[in-house]
Amino acid sequence: MTIAALGVHGLLVLNKLDVLNKPALATLTERMEPYRRIGYPLLLTSSYTAQGLDELRTWLRGRVSLLVGQSGVGKSSLIKALLPDREIRIQAVSQFTGHGTHTTTTSTLYHLPDGGDLVDTPGVRSFELGEISLGDLDRGFVDIAPYLGRCRFSDCRHLTEPACALREAVAHGEIAARRLESYLQLWAALKAARPG
Ligand SMILES: Nc1nc2c(ncn2[C@@H]2O[C@H](COP(=O)(O)OP(=O)(O)OP(=O)(O)O)[C@@H](O)[C@H]2O)c(=O)[nH]1
Ligand SMILES: [Mg+2]
Ligand SMILES: [Zn+2]
């Protein structure tokens, strides 16, 4: 969402492929499908088995990239796998909480051997919307944007109103239900943050 608003390219990386069995993998790829459809390629990787790393290298070549994601998903491990000669601090996922323990605390830029740079960032635990406007939000949801302004009521909240273009698009399989949910959640959060 914010990725499109910032004007950068997004690539989704699903790491720890080695721990996924076939059904789990199928479920996850299915869940990622809406993102693939709106232009975020999905890459399956494992820093343990090196699966997908060649493809990842190809994507990273010649650009500056930023690895973002929840703590413990393996961002630093991926960088380590791409740069085996660098010492990067990697820590076990906390057995107690099951959450990552924020191993990476500052962002570090690494130069890649094939050209390009990769920035390791501390894991995201919570998500802040920061300085984005409702307009940014609308533009960020490239799958929803074409339907905005097409509801029968100009003040449609896309909840239970009749002839809501967004709900109809969901019903026709043109917008993924989860995406509309996210959009409405973020919209409500922005509204609450700056009423009026
Ligand atoms: N099974 C499996 N475990 C992995 C893989 N990559 C990383 N891990 C493990 O996941 C845990 C977290 O890895 P990190 O690389 O520190 O995760 P991170 O995303 O950098 O975490 P933060 O720095 O806290 O944001 C470590 O125990 C890694 O060994 C993988 O491909 N497969
Ligand atoms: Mg890290
Ligand atoms: Zn509507």
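Any read-out appearing in this document is the output of simple, stated calculations on the displayed coordinates, not a laboratory observation. Everything quoted here is computed from the prediction, not taken from an experiment. Quick reminder, even Gly has a Cβ in these numbers, built from the backbone with ideal geometry, and neighbours come from all protein chains shown.
Side notes on the structure shown:
- The stretch between residue 171 and residue 29 holds 49.0 nm of extra length on full extension. This uses 0.36 nm per residue minus the Cα-Cα distance.
- Counted by neighbouring Cβ atoms within 10 Å, the residues 8, 170, 19 run from fewest to most as 19, 8, 170.
- Taking amide H atoms as placed 1.01 Å from N in the peptide plane, the amide H of residue 66 lies under 5 Å from those of 119, each 5 or more residues away in sequence or on another chain.
- Spin-label pair residue 70/residue 114, simplified geometry with 7 Å Cα→Cβ offset, distance in nm: 2.9 nm
- A straight Cα-to-Cα reach below 27 Å connects residue 80 with the lysines 16, 22, residues fewer than 8 places away in its own chain not being considered.
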